[in-house]
Amino acid sequence: MPALADGRVDERIQNYTKFWQKDISKDGKADTDNRVDSYTDVVNGYYDGATGLYEFGWARSFHFCRFYKGEAFQAGLARHEHYLAAQMGLRPGMRVLDVGCGVGGPAREIARFADVTIVGLNNNDFQIGRARKYTKQAGLENQVSFVKGDFMKLSEQFGENSFDAVYAIEATVHAPTFEGVYGEIMKVLKPGGVFGVYEWVMTDAWDPSIPAHKELANRIEIGNGIPEMRPLKQARQAMRNVGFVVEHEEDLADRPDEVPWYYPLEGDIRKAQTAWDLLTVWRCSWSGKLVTHYGLWFIEQLGVVPKGTWEVGETLKIAGDSLVDSGRAKLFTPMYLAVCRKPGGN
């Protein structure tokens, strides 16, 4: 497929929504299997269309976090990244792999916080280009680098025992299997190395035999470029199946926080924690969505963004609503935290 100068592919963006049934309630096993088999096209089609929208409506760190009352949105994102680095025990001089690095926001923040060297892995050319641009602007080119690759083939690309630590922030949910990606992470870690992850999973309260629960998972999938949502217990077991020792695990979304993790998606500007966050929250309000809806359609007609971007943007509305609904019902978490160790070492 011919690519644009920035790495995006028109056809890939236009084909994204075709991986799901138009009536999401009719999405079945054959559809899921097709998405899993075609996970590279699913993920790249989504992020070719959604990356610019993420940066406009959220931040350059594509993840959720806990919030403290009165805490600024950007401060919460940074603290969430610092917390992972601290839980992993990252120390100066370590060589660290960021699996599914987006446009590099967390990699730059963690590199500054922990004084480590980070290699960001991504299979999306458009995001890699932006990550390199922002990293150069930040003056971190000697500390943070980015490579294109498939996280199901890490050992093939980097060799075994290559990194002191590996982390993934809301990225490995895109993998066709948890065992596959966790197994590759295990291989590239040095003996005694640490793996930290914030994983997207359905909670133990989620029951796929309940049609409303199953449809909710499907809505999360199409709205976020995910081939298949899976339960928390499956992620936990996969880590152990590939040989990791789980040293700490917790669903951070299950803490009794006064300000819920999904509050920016509710679009209620009265809930904005600081004046600086009003715009972020407004973008998820009905009026903000309306402006984005027509504005994105218009600039697509002008050729400013690739064809299909508007349709991917429409799925982001599904994403926001489904994440709020599932978060309120405690059926989904974007921050199942696990810190694991590869056996061996000193």
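The values are calculated or read from the model by the stated rules, or taken from the named source; none is laboratory data. Values in this document were obtained by computation on a predicted structure and should not be read as measured data. No Cβ is skipped: glycine too gets one built from the backbone with ideal geometry, and neighbour counts run over all protein chains shown. These accessible areas exclude ligands, DNA and RNA; they are computed on the full protein's heavy atoms, side chains included. Shrake-Rupley method; radii C 1.70, N 1.55, O 1.52, S 1.80 Å.
At q = 0.14, 0.26 Å⁻¹, what is the log10 ratio I(q)/I(0) for the range 40-91, with the Debye formula run over Cα points and no solvent?
Reported log10 I(q)/I(0), two decimals: -0.51, -0.95.
From the convex hull of the Cα coordinates of the range 140-253, what is the mean projected area in square nanometres?
8.4
Evaluated at 20 °C with a viscosity of 1.002 mPa s, what Stokes-Einstein diffusion coefficient in µm²/s does the range 1-136 have when Rh comes from the Kirkwood expression over alpha-carbon pairs?
The calculation lands on 128 µm²/s.
Dividing the convex hull volume of the Cα atoms of the range 282-324 by its residue count, what figure in Å³ per residue is obtained?
56
Report, ordered by chain and residue number, the lysines lying within cross-link reach of LYS69, taken as a straight Cα distance under 21 Å and ignoring same-chain residues fewer than 8 apart.
LYS271, LYS330
Ignoring ligands, DNA and RNA, please state the percent of accessible area on the range 213-257 from carbon and sulfur, probe 1.4 Å.
41
When the scattering of the range 112-165 is computed by the Debye formula from its Cα atoms alone, each counted once and equally, what is log10 I(q)/I(0) at q = 0.16, 0.22, 0.27 Å⁻¹?
-0.53, -0.92, -1.12
Rounded to a whole number of µm²/s, how large is the Stokes-Einstein D of the range 226-287 at 25 °C and 0.890 mPa s, given Rh as the Kirkwood radius over C-alpha pairs?
After rounding, the answer is 166 µm²/s.
Given the chain, report the % of alpha carbon pairs whose separation exceeds 38 Å.
Of the Cα pairs, 10 percent sit more than 38 Å apart.
Which log10 I(q)/I(0) values, to two decimals, does the range 13-52 give at q = 0.23, 0.25 Å⁻¹ under the Debye formula with one point per Cα?
Normalising to I(0) and taking log10 leaves -0.74, -0.83.
So what is the accessible area of the range 202-346 per residue, in Å², with the probe set to 1.4 Å?
Ligands and nucleic acids excluded, the figure is 48 Å² per residue.
Might you work out the accessible area of ILE269 for me, using a 1.4 Å probe with all protein chains in place, and round it to the nearest 10 Å²?
Only protein atoms counted, so the area is about 90 Å².
Any chance you could look up the accessible area of VAL259 with a 1.4 Å probe, heavy atoms only, rounded to 10 Å²?
About 10 Å², rounded to the nearest 10.
Under a straight-distance cross-link criterion of Cα-Cα below 17 Å, which lysines are reachable from LYS22, leaving out those fewer than 8 residues away in the same chain?
Output for LYS22: LYS214, LYS317.
Once you have the alpha carbon radius of gyration of the range 299-346, what is it after dividing by 2.2 N^0.38 Å, with N set to its residue count?
Normalised Rg, Cα atoms only: 2.02.
For all pairs of alpha-carbon atoms in the range 188-281, what percent lies in each bin of width 10 Å, listed from the first bin to the last filled one?
12, 31, 33, 19, 4
Just to be sure I understand: of the beta bridges DSSP finds with both ends in the chain, what percent are antiparallel, rounded to 5?
The antiparallel fraction comes to roughly 45 percent.
Regarding the range 54-119, what are the three Cα extents along the principal axes, ordered largest first, in Å?
Cα spread of the range 54-119 along its principal axes, largest to smallest: 34, 24, 15 Å.
When the Kirkwood radius is taken over all Cα pairs of the range 243-346, what Stokes-Einstein diffusion coefficient follows at 20 °C and 1.002 mPa s, in µm²/s?
It comes out at roughly 130 µm²/s.
Can you give me the distance in nm between label points at LYS148 and ASP23, each placed 7 Å from the Cα along the Cα-to-Cβ direction?
Those two pseudo-labels are separated by 4.0 nm.
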